[in-house]
Amino acid sequence: MSASTATEVRVRCATLADCDTLALLRSRLQAALEAENAALWRMTEARQNALRTFYAQSVSDPSVLVLLAEVGSPGAPIIAGTATGRIEAGRDVAKFGSIEDVWVEPEQRRRGVFRALLTELTRFFEAHDVPELTVGFAHGGAASELWQHFGFQPAVVLSNGSLAAVKARLARS
Ligand SMILES: CC(C)(COP(=O)(O)OP(=O)(O)OC[C@H]1O[C@@H](n2cnc3c(N)ncnc32)[C@H](O)[C@@H]1OP(=O)(O)O)[C@@H](O)C(=O)NCCC(=O)NCCS
């Protein structure tokens, strides 16, 4: 698989050999998300350590497409970004496509890397006859504008609280 743009972005399926890279990119995304929203739960060390295994399972799963975007010469490619598409069975609704773990390296942004990744994801979802898509992102972050740009509308609010806060409020009632 390869999708080219004017800036020579190449998109390919990730393989088992890419799992360390994927884990690193996912860690960078997590750090950016946590910096964007203080209410976001922090990723545990156990999960950090399990990322490689998670990606090893994902790249082998036919209902998941893990993509890597590369720039530079084909002989010495530079990793520019990643995105994952996952077909979800749906509990109350029909199967849908979930877009996850979108990350473009800061120095590669605004050159069409994400566009190339999204193009491949749309092909994947179309091939699996999945017309409805969803994506999650940190509230108040830049991603909100991005997804609006591509026609996504906020539909569900995931709101984080603490047991202590709920108990304190109950005690005052
Ligand atoms: C958001 C992000 C993926 C964009 O990647 P990118 O490679 O710079 O995007 P592209 O250059 O391919 O831009 C594609 C389109 O999105 C638009 N776009 C890019 N970044 C945008 C932003 N922050 N807000 C609004 N629109 C944006 C571009 O204008 C472009 O539109 P067009 O093709 O219709 O002209 C990248 O900035 C990033 O990794 N950010 C941090 C992580 C993050 O927010 N991930 C998303 C979590 S769901």
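Here are the numbers:
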quantity: Top of Arg52, Arg109, Arg91 by mean-square fluctuation, Gaussian network on the chain, Cα under 10 Å; calculated: Arg91
quantity: Rotationally averaged projected area of the range 1-98 (alpha carbon convex hull; nm²); calculated: 8.4
quantity: Cβ-Cβ FRET estimate between Ala17 and Glu88, R0 fixed at 25 Å, reported to 0.05; calculated: 0.40
quantity: Percent antiparallel among DSSP beta bridges (both partners in the chain, rounded to 5); calculated: 85
quantity: Net +/- balance of residues flanking Tyr55 in space, Cβ distance below 13 Å, scoring K and R +1, D and E -1; calculated: -1
quantity: For the range 63-132 versus the range 13-33, the gap between their alpha-carbon centres in whole angstrom; calculated: 13
quantity: Amide H contacts under 5 Å for Thr134, placed H, 5+ residues apart; calculated: Gly97, Ser98, Ile99
quantity: Normalised alpha carbon radius of gyration of the range 67-154 [divisor 2.2 N^0.38 Å]; calculated: 1.17
quantity: Loop-located chymotrypsin sites (Phe, Trp or Tyr not before Pro) in the range 20-129, at most 12 other Cβ atoms within 10 Å (DSSP); calculated: Trp41
quantity: Low-density loop positions, GluC sites (Glu not before Pro), the range 109-173 - DSSP coil, at most 16 other Cβ in 10 Å; calculated: Glu132
quantity: Relative frequency of Cα-Cα separations exceeding 16 Å in the range 106-173, percent; calculated: 66
quantity: Value at 222 nm in deg cm²/dmol, rounded to 500, when DSSP H runs of n ≥ 4 in the chain each add -39,500 (n - 2.57); calculated: -12000 deg cm²/dmol
quantity: Extension gain from Glu126 to Ala165, taking 0.36 nm per residue of separation minus the Cα-Cα distance; calculated: 9.6 nm
quantity: Cβ-Cβ FRET estimate between Ser73 and Thr53, R0 fixed at 41 Å, reported to 0.05; calculated: 0.80
quantity: The chain - Debye-derived log10 I(q)/I(0), Cα point model, q = 0.08 Å⁻¹; calculated: -0.28
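Every number here is computed from the coordinates shown, using simple stated rules; none is lab data. Every value quoted in this text rests on a predicted model; they were computed, and no experiment measured them. FYI the Cβ positions are ideal-geometry reconstructions off the backbone, even for glycines, and counts take in every protein chain you see.
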